[in-house]
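Below: the structure, in structure tokens.
Taken together, the values in this text are just the output of simple stated rules run on the coordinates, not laboratory data. Quick caveat: nothing in here was measured; it's all calculated off a predicted structure. Cβ sites come from the backbone with ideal geometry, for glycine too, and all protein chains shown count toward neighbours.
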Amino acid sequence: MTDLVVVRSKIKDHAEGCNVSGDFANALNDEVANLIRKAAQRAKANNRKTVSSRDL
């Protein structure tokens with residue numbers, strides 16, 4: 001597991017009335033961390049030091 005990027009307490013706010021299992025936050029965090037890594041790689045590949053929304 002990577003360092004937490006997502007805020008656990010905010011997940012339920014966005015789940016719109018659904019229960020959230022204990023392992024969901026970790027799985028979501030891993031997905032978000034992976035998206036960030038891929039976006040950073042894309043920015044670097046385009047000779048930029050700033051990651052932007054277009055890198056997603």
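Below is a table of values for the structure above.
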quantity: Every pair of residues 6+ apart whose Cβ atoms lie under 8 Å, when the first sits in region 20-48 and is closer than 16 Å to Ser9 by Cβ while the second is exposed (fewer than 13 other Cβ atoms within 10 Å of the Cβ) and not hydrophobic (A, V, I, L, M, F, W, C); calculated: Asn29/Thr2
quantity: Selection from region 11-39 of residues that are surrounded by 14 or more Cβ atoms within 10 Å (Cβ to Cβ) and among the small types (Gly, Ala, Ser); calculated: Ala25, Ala33, Ala39
quantity: Qualifying position, being over 21 Å from Asp3 (Cβ atoms) and in a helix (DSSP H, G or I), among Arg54, Arg37; calculated: Arg54
quantity: Subset of region 4-19 [of a type outside the set (Gly, Ala, Ser), on the phi < 0 side of the Ramachandran plot and without any contact (Cβ under 8 Å) to a residue 12 or more places away in the chain]; calculated: Val7, Lys10, Lys12, Asp13, His14, Cys18, Asn19
